[in-house]
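The values are calculated or read from the model by the stated rules, or taken from the named source; none is laboratory data. These figures come from a predicted structure and were not determined experimentally. Glycine gets a Cβ as well: all are built from the backbone with ideal geometry, and neighbour counts include every protein chain shown.
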Amino acid sequence: MAETDHKTTRAGLRLHCFQGIPERLLDVSFRDLWQHLEGPSIFDIPGRDARPLLVSVLLHGNEDTGWTAVQNVLRRHLGAGIPLARRMLLLVGNIAAAKDNVRTLDNQTDYNRAWPGTRYPEAAESALMREVVEVVAAERPFASIDIHNNTGNNPHYACVNRLDENGLHLARLFSRTVVYFTRPVGVQSAAMSKVCPAVTVECGVPGNSAAAVHAAEFIEAALSLAAFPEHPVPGHDIDLLQTAVIMRVPPDASFSYDGSDADFRFLEDIDLMNFSELEPGTRLGRLGGNKTRRLTVVPGGDFDIVPESYIAYDDGAITLAERAIPAMLTRDPRAVRLDCLGYLMHRIDRTGKRSETT
């Protein structure tokens, strides 16, 4: 497999660039990619339309659906000698973390917090992602899709960082549920949205074959899209939400889900609340220990709100104080430590204004 180019960051992290993709990779598990690739890699795969679609996978090493979906698409085309409808730039991200089946290694900056706009501009991973944007932007991409999994009980949904019609059309190819967010920063879709229509798609938990089928169908649909429709996405075809706040457990606090004593004792089935309309007073768990700890609640969007006002502590109970729709509430301790406990959202209209249902 001949490498056509590579760029090396000051810390030695290299972006490897290839023309085409060897068919043997289409049968390689995401956890075994380290045996075939030296690190983060871009594959330039030809198609009938020369303006490329950027597809990024494995920015988190334990989120395998994107890689499996790409394998399904390319196996179908390359195996039958059928060209892609559109050229694809395939970014395969955190191969080192994939080897260990973890989101990110302890000595790394999260690959989906290191894109332009990041809080960690000096990190080697941030230099790498700046190179990716430079390489991709030079090719005038048609669109960008970043494929992820998450923990907990979540439907498949799309995320956008701008409320422009082309981005919403792209998102709607995947799901009618679309989340608009501006935080966290340093994510792929936010960086690429300055170059072309860009979405992140969330495909539920890893290791699900149906999720890979859905993601493959989305890739095919995006490749086959000759141009974006000139009309807006009909309002009845989209459920638009925006992140209001992000809930985090303080780094020095303990937490549990099984009722055992900890600073925060969350409900065992807390993730079953995801994407449900919840009323004030809904219980998320109870305080343990000396009952003085508080969740860190920070803005997740552009609403004029007091983030801390979303959570109440009533006689030891941790409850919602505002009507909200949670997303990505998780029972995965590592996800809580590396990212957050979950998000709270509101419905919005196309202008970004909050619009509650009755």
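Give the number of residues within the range 158-180 that are surrounded by fewer than 24 Cβ atoms within 10 Å (Cβ to Cβ) and among the aromatic types (Phe, Trp, Tyr). Adding up the residues that qualify gives 1. Return yes when Val336 is surrounded by fewer than 18 Cβ atoms within 10 Å (Cβ to Cβ) and either closer than 30 Å to Ala158 by Cβ or not polar (S, T, N, Q) (or both) and no when it is not. Judged against the criteria, Val336 is not a match.
Could you please find all residues in the range 278-288 being under 19 Å from Val336 (Cβ atoms) and assigned to a strand (DSSP E or B)? If the condition is that a residue be under 19 Å from Val336 (Cβ atoms) and assigned to a strand (DSSP E or B), then Arg283, Leu284, Gly285, Arg286, Leu287 are the ones that fit. Could you tell me which residue of the range 289-305 is farthest from the chain's Cα centre (by Cα), considering only residues that are at pLDDT 90 or above and under 19 Å from Cys340 (Cα atoms)? Per the criteria, the residue is Arg293. Remark: Phe181 falls outside the filter, which requires a residue to be over 23 Å from Phe303 (Cβ atoms) and touching a residue at least 12 places away in the same chain (Cβ under 8 Å).
Answer yes or no: is there a residue in the range 160-180 that is touching an Asp or Glu at 6+ places or on another chain (Cβ under 6 Å) and among the β-branched types (Val, Ile, Thr). Yes, the range 160-180 contains at least one residue that is touching an Asp or Glu at 6+ places or on another chain (Cβ under 6 Å) and among the β-branched types (Val, Ile, Thr).
The number of residues in the range 38-75 being of a type outside the set (A, V, I, L, M), free of Cβ contacts under 8 Å to residues at least 60 places away in the same chain and part of a helix (DSSP H, G or I) comes to 3.
Among the residues of the range 203-226, those identified as more than 18 Å from Pro46 (Cα to Cα) and surrounded by fewer than 22 Cβ atoms within 10 Å (Cβ to Cβ) are Gly204, Val205, Pro206, Gly207, Asn208, Ser209, Ala210, Val213, His214, Glu217. Tell me, yes or no, whether the range 100-116 has at least one residue that is more than 16 Å from the chain's Cα centre (by Cα) and among the basic types (Lys, Arg). No, that holds for no residue. Out of the range 240-277, which residues are in a loop (DSSP other than H, G, I, E, B), touching a strand residue (DSSP E or B) at 6+ places or on another chain (Cβ under 7 Å) and modelled with pLDDT under 95? Hit for the range 240-277 is Gly259, nothing else.
Return yes when Thr109 is hydroxyl-bearing (Ser, Thr, Tyr) and in contact (Cβ under 8 Å) with a residue 40 or more places away in the chain and no when it is not. In short, no. Residue count for the range 82-96, restricted to those that are in a strand (DSSP E or B) and of a type in the set (Val, Ile, Thr): 1. Checking each residue in the range 125-142 for being in contact (Cβ under 8 Å) with a residue 12 or more places away in the chain and not in a helix (DSSP H, G or I) picks out Glu139, Arg140, Pro141, Phe142.
Among what's in the range 68-89 and is over 18 Å from Asp49 (Cα atoms) and at pLDDT below 95, pick the residue that is nearest to the chain's Cα centre (by Cα). Filtering the range 68-89 for residues that are over 18 Å from Asp49 (Cα atoms) and at pLDDT below 95, the one nearest to the chain's Cα centre (by Cα) comes out as Gly79. Looking across the range 21-37, the residues that are in a loop (DSSP other than H, G, I, E, B) and either surrounded by 16 or more Cβ atoms within 10 Å (Cβ to Cβ) or not small (Gly, Ala, Ser) (or both) come down to Ile21, Pro22, Val28, His36, Leu37. Could you say whether any residue in the range 260-282 is of a type in the set (Gly, Ala, Ser) and within 14 Å of Met247 (Cβ to Cβ)? Looking for residues that are of a type in the set (Gly, Ala, Ser) and within 14 Å of Met247 (Cβ to Cβ), one finds none in the range 260-282, hence no. The residues of the range 209-267 that are in the same structural domain as Ala335 (by TED's automatic domain parsing), among the hydrophobic types (A, V, I, L, M, F, W, C) and more than 22 Å from the chain's Cα centre (by Cα), listed by number, are Ala253, Phe255, Ala262, Phe264, Phe266, Leu267.
If the condition is being hydroxyl-bearing (Ser, Thr, Tyr) and touching a helix residue (DSSP H, G or I) at 6+ places or on another chain (Cβ under 9 Å), then the range 200-237 contributes Thr200, Ser209.
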